[in-house]
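Once you've had a glance at the structure underneath, I'll fire off some questions.
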Amino acid sequence: MPETTTTSFPSMDVSTREQWDHIARESIDDWANVPDRMLGMLRALSGITNGFAVDQLTHVCQTAARAERAGADPEVVAAALCHDIAKAVSEPNHPAVAAALLKPYVRPEVAWMVEVHQDFQGRHYYAFMGKDPEARRQYADHPAYELAERFADEWDQTSFDPDYDTPPLEHFEPLVREIFSSPRRA
Ligand SMILES: [Fe+2]
């Protein structure tokens, strides 16, 4: 097998330790770009309204503002801001996708809060769709149940109000840069 000496390889089965060391360094350098990518996905939510009274960027900024004004800690506020971020790509399965994006950056119960948020929201609309409005009960024993309940009932389901004093995304930019600058739980 010919020795591969370039910094990149045509296929992994001819790769070297040196090349993987190089890739690891480059990949870690790239972590610095994550906050801008998250902000870009959040900005894309401004183009999605889907029949609600406010667009999805306004919705997530309003949700995060309510959490922040209620004294939630920075990881919870960042999660509130990003709980619907996956809608920038696709609505189906968006809670799980958003939670997976958050997982390396927030404590496990905060990522879980996002992962299950739709079933908690369900109390306020699942009945219209023939689904169980109390779907949240399946999580009754989870240690973060009260956090998920507060998120859904006080901050998320209330945040479709065009008259609320919703801060712009820029208000949360320093927080996004702080939380997503490096994965602490990868
Ligand atoms: Fe939401």
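The values are calculated or read from the model by the stated rules, or taken from the named source; none is laboratory data. From a predicted model like this one, the values you see are computed outputs, not experimental measurements. For neighbour counting, all protein chains shown are included, and Cβ atoms are generated from backbone atoms with ideal geometry for every residue, glycine included. Note: accessible area is taken over every heavy atom of the protein model, side chains too, but ligands, DNA and RNA are not part of it. Shrake-Rupley method; radii C 1.70, N 1.55, O 1.52, S 1.80 Å.
Roughly how big is segment 1-89's charge dipole about its Cα centre, with Cβ charges of +1 (Lys, Arg) and -1 (Asp, Glu), in debye to the nearest 20?
Details: 7 positive and 13 negative charges, 106 e Å.
That gives a dipole near 500 debye.
Computed over the Cα atoms of segment 76-186, what is the ratio Rg over Rh, Rh following Kirkwood? Could you put the intermediate results ahead of the total?
Details: Rg = 14.3 Å, Rh = 14.8 Å.
My calculation of the ratio gives 0.97.
In what sequence, highest mean first, do 154-164, 116-126, 59-69 appear when ranked by Cβ atoms within 10 angstrom? List each step's numbers first, then the result.
On the way: 154-164: 16.5, 116-126: 19.3, 59-69: 23.1.
Ranked from most to least packed, the peptides come out as 59-69, 116-126, 154-164.
Here's another thing I want to ask about it. When the chain is modelled as a GNM with alpha-carbon springs shorter than 10 Å, which of P108, P143, P168 fluctuates the most?
Largest GNM mean-square fluctuation: P143.
If you take every residue apart from T166 with its C-beta less than 13 Å away from the C-beta of T166, what net charge results, scoring Lys and Arg +1 and Asp and Glu -1?
Working: positive: R66, R69; negative: D55, E68, D161, D163, D165, E170.
The answer is -4.
Now a separate question. Using the Cα atoms of segment 19-81 to build a convex hull, what is its mean projected area in square nanometres?
Working: hull surface 23.4 nm².
Averaged projected hull area, Cα only: 5.9 nm².
Would you compute, from DSSP H runs of 4+ residues alone, the mean residue ellipticity of the chain at 222 nm, taking -39500 (n - 2.57) per run and dividing by the full residue count, rounded to the nearest 500?
Values: 9 runs with 83 residues, N = 186.
The helix contribution divided over the chain gives -12500 deg cm²/dmol.
Let me ask something additional. Rounded to a whole number, what % of the accessible area of the chain do carbon and sulfur atoms account for, probe 1.4 Å?
Values: 5260 of 10020 Å².
The computed percentage sits at 53.
Tell me, what is the per residue accessible area of the chain in Å², probe radius 1.4 Å?
Numbers: 10020 Å² over 186 residues.
Per residue, the chain has an accessible area of 54 Å².
Only four residue types carry charge here, +1 at the Cβ of Lys and Arg and -1 at the Cβ of Asp and Glu. Report the dipole size of segment 128-175 about the Cα centre in Debye, rounded to the nearest 20.
Working: 4 positive and 13 negative charges, 64 e Å.
The calculation lands at about 300 debye.
Which angle from 0 to 90°, rounded to the nearest 10, does the C-alpha axis of helix 34-44 make with the longest principal axis of the chain?
Rounded to the nearest ten degrees, it is 40.
I've got another one for you. Where does segment 132-186 land on Rg(C-alpha)/(2.2 N^0.38 Å)?
1.55
Report relative contact order for segment 29-162 in percent, whole number only (criteria: Cα-Cα under 8 Å, sequence separation at least 6). Working shown, then result.
Working: 164 pairs, mean separation 32.5, N = 134.
Relative CO of segment 29-162 lands at 24 percent.
Next question. For a distance above 23 Å, tell me the whole-number percent of Cα pairs in the chain that qualify.
It works out to 47 percent of all Cα pairs.
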